[in-house]
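To start, the structure under review is shown below, and the notes come after it.
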Amino acid sequence: MSRMVAYCGLVCSECEAYRATQADDQEWLERVAAQWREEYHAPGIAAENIACDGCTTVEGRHCGHWSECEIVACGVSRGVANCAHCPDYACEKVAGLLEMVPAAKATLEEIRASL
């Protein structure tokens, strides 16, 4: 499986929900949903709501709040592979997430360094 990086720098191809979806493994997806319900204190998380084909795919299944994510909307409208490719890199739309998720920032920084 090739590496897929979301607009925000999260690595879709390392996400358990993405991997379970791509493997077409419903039991795995159920286990991920159960783990996330506990981990995120979110009893409403269900397997059918976390099936995902990745944030950078416009068509297909999307996990969580993809349809309302301003980072996704911005990336799609700008036609960039992810925020690392954006001339306004680390803008206010993504800055908060990058502070909370250092791994996402590191991924985007790595991509920017190779551009």
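Could you compute the FRET efficiency for TYR40 and LEU115, with r as their C-beta to C-beta distance and R0 at 35 Å, rounded to 0.05?
0.55
May I ask you to give the solvent-accessible area per residue for the chain, in square angstrom, as obtained with a 1.4 angstrom probe?
Value returned for the chain: 60 Å² of accessible area per residue.
If amide H atoms are built 1.01 Å from N in the plane of the peptide, which residues on other chains or at least 5 residues away come under 5 Å of the amide H of VAL5?
It is CYS12, by chain and number.
Can you list the cysteines of the chain that have no other Cys Cβ under 4.7 Å away?
Cys with no partner Cβ under 4.7 Å: CYS8, CYS12, CYS15, CYS55, CYS69, CYS74, CYS83, CYS86, CYS91.
Probe radius 1.4 Å, ligands and nucleic acids ignored: give me the carbon and sulfur share of the accessible area of the chain as a rounded percent.
Roughly 51 percent of what the probe reaches on the chain is carbon or sulfur.
Averaging the inverse of every distinct alpha carbon separation and then flipping it gives the Kirkwood radius. What is it for the chain, in angstrom units?
The answer is 14.7 Å.
The values are calculated or read from the model by the stated rules, or taken from the named source; none is laboratory data. Nothing here was measured: the structure is a model prediction, and the numbers come from that model. No Cβ is skipped: glycine too gets one built from the backbone with ideal geometry, and neighbour counts run over all protein chains shown. Surface areas here come from the heavy atoms of the whole protein model, side chains and all, with no ligands, DNA or RNA. Shrake-Rupley method; radii C 1.70, N 1.55, O 1.52, S 1.80 Å.
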